[in-house]
Amino acid sequence: MGEEIMAAANYYSKDFEWDQLRQEIENNPSLAHHLLPFPNSSITQNQHTLLSSPLSLCSPQEDSEAWNNFHTRHSTGKFFKERRYLLKEFPELASCGGCSTVLEIGCGNGSTALAVLRGNKSISLYACDCSKEALERAKENIEAADINLAKERFYPFQCDFSASGFPNWLVCTSCRESSFQKQNMCPSGARGCSKQDFPDPPIFAKNNSCIAGVDFVTLIFTLSAVPLHRMSRAITECFSVLKPGGLLLFRDYGLYDMTMLRFEPEQRVGYREYIRSDRTRSHFFCLDSVRDLFCGSGFTELELEYCCVQSVNRRNGKIMRRVWIHGKFQKPHVQVGP
């Protein structure tokens, strides 16, 4: 899953107030189509030409194929940009103790994974994506980087977390149901990951054991590519693989980001949801919608704010106003009884 290329030094900031932007957008008649309720019962002819069929709006296979094609087209080094700013946004990834584990969901070409592995030499990172092509690019970029033991600490696997859920080797049923997750490994009788269902699992997936969850989950410009009706299940899956006290680190497109305003009316396929000509989709979040999704799945909100960055296009001099959402959520610590 993907993200449009971000400027190298755009860290979390407040270059402008989101409420001021909202008033400007909502008072602009030319942008009124972004504000209208979406008629769920109809798909226009123009929307139909963007899609092979109306049902593909809900098909995980179609979504995966679209992102696979996306990463095939953008396989050159020019598209790859390491997200080093993330360690400033989420310093926990750099400061956490040894043997900490991260699950990156929607790893794309490895731009987040590389930054995390470079910033913390003792962390282990499990990375999934629905696109085989993305995983190949990620492995190539990690292998090409001059980072101590990066290859040995990087475990990529294919998975669409919003449709199929996570494999059992990541956290087994026994560990999901356990309130305390005291053991480092699950019982030997638990079913391991099926290589047929999840190609190329890490080596320990073959010996009927799981890693009993992770310390961090990162969702960096990934949830926006998930259809709205599958988001709730996706967040519940994230909750289930985190250890108690673990953190979910979130960054994604915010409402009224400049990329949202570029979409034409016929590209709307849902409320604040759009589809590009290459069939990849994008949703734009407000703070309340993010809060409802995560807190409704059991998370505790630690941080949730708009990130408003203004820059100037050097070629044409136009002002670009980007809106992202920065969030930090925690899985509650288990309450130990008397």
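Over all directions, how big on average is the projection of the convex hull of the alpha-carbon atoms in the range 250-338, in square nanometres?
Numbers: hull surface 31.6 nm².
Result: 7.9 nm².
If I stretch the segment between ALA144 and SER164 completely, what's the gain in nm (0.36 nm per residue apart, minus their alpha carbon distance), one decimal?
Numbers: separation 20, 0.36 × 20 = 7.20 nm, distance 3.09 nm.
Result: 4.1 nm gained on full extension.
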Farthest positive-ward along the range 245-338 dipole, Cα basis, beta-carbon charges - from SER277, CYS295, GLY317
GLY317
Cα gyration tensor shape for the range 118-162, rounded if a/c is under 1.5, else prolate or oblate
oblate
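Do any of LYS151/LYS243; LYS88/LYS331; LYS81/LYS151; LYS121/LYS243; LYS14/LYS139; LYS14/LYS121 go past 29 Å between their Cα atoms, and which? Intermediate results must be reported in sequence, preceding the final value.
Numbers: LYS151/LYS243 24 Å; LYS88/LYS331 22 Å; LYS81/LYS151 19 Å; LYS121/LYS243 21 Å; LYS14/LYS139 35 Å; LYS14/LYS121 31 Å.
Exceeds cut-off: LYS14/LYS139; LYS14/LYS121.
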So, with points 7 Å from each Cα along the Cβ direction, the GLU305-CYS99 label distance in nm works out to 3.5 nm
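No lab work stands behind these numbers, since they all come straight from the coordinates. No experiment lies behind these values; they were computed from the predicted model shown. FYI the Cβ positions are ideal-geometry reconstructions off the backbone, even for glycines, and counts take in every protein chain you see.
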